[in-house]
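Peer 1: Dumping the structure here so I can ask a few things about it.
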Amino acid sequence: MPGKVEQILEMALQILEGHPDGLRYTELNKKIIERNSEFNYNTVRTATWDLDVKESDKVYKPDRGIFRLLKYRDSTITPPTSTEVVPSIVSQTTFLREEDFYKPFADWIVEELEECTKAIKLGGNSFRDKWGTPDVIGIRKSKQSDILKLPTEIISAEIKFDTNNLIAAFGQASAYKIFSHKSYIVVPRQSLLEDIARLDTLGRLFGIGLILYDNTNKEEPDFEIRVRASKHEPDMFYVNKYIRLVEDELFN
């Protein structure tokens, strides 16, 4: 009869089998306890904190705090059928488009995040520029009741519906900093944990905000701030060049 540590490690591997994109350390421990409540939580934590070392032939860390089976390092591998696998959302998202989330996000960034006093959806080629157009752009202005008036800020956001090629989306959000005081990238919560972790780290390094959302529900996308964007001073030449194109809609 294997000891508790061996049982915990075996269970951890079984759980990771059903999560091809990997699991965070705390989430993995939680699932182990859910499967066997007789395990002591501290024992589980001690057993799994270096899971990638103890099971180095089966497990690796794609990023800090995330465990993933080596067999899934190649993303072309089809994951097995398992009760742990999240049900396919293809049928739910078939008739949804990225554009369906522009207006909900514009409302959310004003009403809940309070990053803007007004935000509008753009997308497409509104700026008529090869460097791209933000999907949502907003302004933050001082209220008439404010004692101290602050300069107007421009906030831009790049929203992605597809979970593939998120690094390109990060590049677009970076380009918007040339005319924006703050820039955000908004990606599906269903993205690979490894990709979200990279975007999180890059966002903190380059001052770009990261927001997660549910791309299966346009009525309740459940936007969640992961990294708040840092303010910087854009190039005023480009600010005036691009904002002039949306001046009437954004400022009136």
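The values are calculated or read from the model by the stated rules, or taken from the named source; none is laboratory data. This one's a predicted model, so the numbers in the text were calculated from it and none came from an experiment. As a convention, Cβ positions derive from the backbone with ideal geometry for all residues, glycine included, and neighbour counts pool all protein chains shown.
Peer 1: Please pick out the residue among Arg226, Arg204 that is charged (D, E, K, R), part of a strand (DSSP E or B) and free of Cβ contacts under 8 Å to residues at least 40 places away in the same chain.
Peer 2: Checking each option against the conditions leaves just Arg226.
Peer 1: Shifting gears a bit: Can you tell which of Leu113, Leu150 is in contact with a Phe, Trp or Tyr (Cβ under 8 Å, 6 or more places away or on another chain) and at pLDDT below 95?
Peer 2: Leu113
Peer 1: Next question. Looking at the range 25-69, which of its residues are of a type in the set (Ser, Thr, Tyr), assigned to a helix (DSSP H, G or I) and either buried (at least 18 other Cβ atoms within 10 Å of the Cβ) or more than 25 Å from the chain's Cα centre (by Cα) (or both)?
Peer 2: Matches in the range 25-69: Tyr41, Thr43, Thr46, Thr48.
Peer 1: Does Thr133 meet the test of being under 16 Å from the mean Cα position of the chain (by Cα), assigned to a loop (DSSP other than H, G, I, E, B), outside the structural domain of Phe67 (by TED's automatic domain parsing) and crowded, with 16+ Cβ neighbours inside 10 Å?
Peer 2: Spelling it out, it is not the case that Thr133 is under 16 Å from the mean Cα position of the chain (by Cα), assigned to a loop (DSSP other than H, G, I, E, B), outside the structural domain of Phe67 (by TED's automatic domain parsing) and crowded, with 16+ Cβ neighbours inside 10 Å.
Peer 1: So Asp21 clears everything in (1) in a loop (DSSP other than H, G, I, E, B); (2) at pLDDT 90 or above except one condition, right? Which one?
Peer 2: All conditions are met except number (2).
Peer 1: So is Ala168 aliphatic (A, V, I, L, M), modelled with pLDDT under 95 and under 24 Å from the mean Cα position of the chain (by Cα) or not?
Peer 2: So Ala168 passes the test.
Peer 1: Given Arg198, Arg244, which one is modelled with pLDDT under 95, loosely packed, with under 14 Cβ neighbours inside 10 Å and in the same structural domain as Asp107 (by TED's automatic domain parsing)?
Peer 2: Arg244
Peer 1: Looking at this structure, is Ile159 of a type in the set (A, V, I, L, M), in contact (Cβ under 8 Å) with a residue 60 or more places away in the chain and in contact with a Ser or Thr (Cβ under 9 Å, 6 or more places away or on another chain)?
Peer 2: It is false that Ile159 is of a type in the set (A, V, I, L, M), in contact (Cβ under 8 Å) with a residue 60 or more places away in the chain and in contact with a Ser or Thr (Cβ under 9 Å, 6 or more places away or on another chain).
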